[in-house]
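The values are calculated or read from the model by the stated rules, or taken from the named source; none is laboratory data. Just so you know, these numbers come straight off a predicted model, no measurement behind them. FYI the Cβ positions are ideal-geometry reconstructions off the backbone, even for glycines, and counts take in every protein chain you see.
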Amino acid sequence: MTTFVNRVFSGVQPTGNLHLGNYLGAIKRFVALQHSHECVYCIVDMHAVTTWQDPKELTNNIREVTAAFLAAGIDPNKHIVFNQSQVAEHAELAWLFNCVARMGWLNRMTQFKDKAGKNRENASVGLFSYPNLMAADILLYKATHVPVGEDQKQHLELTRDIAAKFNHDFAGRIAELGLGESYFPITEPIIGGPAARVMSLRDGSRKMSKSDPSDMSRINLTDDPDTIAKKIRKAKTDPEPLPDSIEDLKQRPEADNLIGIYAAINDSDKETVITEFGGKSFSEFKPALAELAVEKLAPINAKIREYMADPASIDAILTNGADKAREIAKNNMGEIRESFGLVGAIK
C-alpha cells in the first residue's frame, strides 16, 4: 500500500472583507494543524477570478488574506504560504483533471447552481469547472487532509472521485513508472468544531457572509474593538434565557450561533459554554462574549494592519512560499505528465 506524507492543504479566496466565519471556520483551524501536519496554505486567487474582480482590489485582497494568515499565527518559515497563481502547475493539472472528471459529476455540484442562479448560461466556464481546479490544488501536493467547511464538502468528494479515477485509469502506467500502487491519496476531510459554520448575527438561519448588505451581520477581522463589541451587543437573539442543554439549541438558531462562536473563540465546546451560561439571560452572556471576542480578535486586527502597512514584506513571503510550493509541484507534475504519456515530461 502506498504511504503518503501526512500533509494538509487548504486555501482561502481573496474576495475581500474577511470575517469571523473565515477565521473560526478556516484560519484558526489552519494554525492548530501546524502542530500535527506538514501544511500548505494557499491564497486561491485563480478561484477568485471565476467571478469578476476589480484588479486593484484583488491585489489588495491577496495581501490582506496573507496578512490574516500571518497575524493569526501561521508560520511561513515552517510551512508553505503562497498565492495560487504563482505556481503554474495548478492550472496545468486542472486542465488534465478537466479530462478526467465527468460532466455528470460537475452537473451535480450544488454550489455552482447556487452561485449561477438563474443566469447559468452567463456564468463563466471557470465557475462551472471550479471543483476541478480545487481538486488540482489539493492533489498537486498529494494532500492527505483538507480542513473544509460544509459548503465545500461536495467539492472534496469530487476530489476523491477524481483521485480514484486517475489511480484506476492509470494503474498500469503508475506501476510501470515505479510510482506505487496509487499515485494520489484519497484525501480525508477535516470537518467539524463548534463553529464550523458561523451564521449571520442578524439571522441565525443564514451563513455569515461578506455579501450581506448589512455590515452588522458579521464581525470583520479589520473591525476595531468598539465595533466588535457593538455588533455582539446588537446581535439578534430570542427573548428566552440561554438553554440548559444541547438539545434545546436545535430550535434556537441565534442562541446556537452565539454559543458556538463563544466556544470556538475560547477553544472549548458548546456543552462547556452551556454549563457556564445555561439559564442566564442574553444581557449577561453578550458582554462576556464581547469581552472574549475583543480579547482574542483585537491583537489579530492590529497585526493585520501592521502587515498591510508593508506590502513588500507580504509579497516577499508569498514569493518565497511559491518557490517552496513549486519544488513539490514541479516534481509531482512531471510524474503526472509521464503517467498520461505526454511527450517531453519534466523529470
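If I ask for residues that are assigned to a helix (DSSP H, G or I) and without any contact (Cβ under 8 Å) to a residue 40 or more places away in the chain, which ones from the range 244-254 would you list? Once the filter is applied, which keeps residues that are assigned to a helix (DSSP H, G or I) and without any contact (Cβ under 8 Å) to a residue 40 or more places away in the chain, the range 244-254 yields E247, D248, L249. Of all the listed residues (L201, L156, L221, L177), the sole one being outside the structural domain of L96 (by TED's automatic domain parsing) and under 30 Å from I328 (Cβ atoms) is L221. Under 20 Å from the mean Cα position of the chain (by Cα), assigned to a loop (DSSP other than H, G, I, E, B) and either of a type in the set (G, A, S) or crowded, with 21+ Cβ neighbours inside 10 Å (or both), is that true of S209? So S209 passes the test. Under the condition of being surrounded by fewer than 19 Cβ atoms within 10 Å (Cβ to Cβ) and under 18 Å from V125 (Cβ atoms), the residues counted in the range 40-57 number 4. In the set (1) surrounded by 13 or more Cβ atoms within 10 Å (Cβ to Cβ); (2) over 15 Å from T51 (Cα atoms), K118 fails one condition alone, (1).
The residues listed here are I162, I80, I74; of these, the one that is of a type in the set (A, V, I, L, M) and in contact with a Gly (Cβ under 8 Å, 6 or more places away or on another chain) is I80. Has the range 81-93 got at least one residue that is surrounded by fewer than 15 Cβ atoms within 10 Å (Cβ to Cβ), assigned to a helix (DSSP H, G or I), touching a residue at least 24 places away in the same chain (Cβ under 8 Å) and not assigned by TED's automatic domain parsing to the domain that holds I232? Looking through the range 81-93, at least one residue is surrounded by fewer than 15 Cβ atoms within 10 Å (Cβ to Cβ), assigned to a helix (DSSP H, G or I), touching a residue at least 24 places away in the same chain (Cβ under 8 Å) and not assigned by TED's automatic domain parsing to the domain that holds I232. Would you say V65 is closer than 28 Å to N220 by Cβ, in a strand (DSSP E or B), aliphatic (A, V, I, L, M) and assigned by TED's automatic domain parsing to the domain that holds L18? No. Need the failing condition index for P241 against (1) in a loop (DSSP other than H, G, I, E, B); (2) out of contact with any Phe, Trp or Tyr (no Cβ under 9 Å at 6 or more places or on another chain), just the number. So P241 meets the others, but not (2). Return yes or no: is F30 among the aromatic types (F, W, Y) and either part of a helix (DSSP H, G or I) or in contact with a Gly (Cβ under 7 Å, 6 or more places away or on another chain) (or both)? Answer is yes for this residue. The C-beta contact set for the range 158-180 (first residue within 19 Å of P131 (Cβ to Cβ), second residue surrounded by fewer than 20 Cβ atoms within 10 Å (Cβ to Cβ) and among the aromatic types (F, W, Y), distance under 7 angstrom, 6+ apart or interchain) comprises L158/W105; D161/W105.
Does S245 satisfy the criteria of being among the hydroxyl-bearing types (S, T, Y), closer than 22 Å to R29 by Cβ and modelled with pLDDT under 95?
It is false that S245 is among the hydroxyl-bearing types (S, T, Y), closer than 22 Å to R29 by Cβ and modelled with pLDDT under 95.
Just one of (1) out of contact with any Phe, Trp or Tyr (no Cβ under 9 Å at 6 or more places or on another chain); (2) assigned by TED's automatic domain parsing to the domain that holds H19; (3) not basic (K, R); (4) not in a helix (DSSP H, G or I) fails for F184. It is (1).
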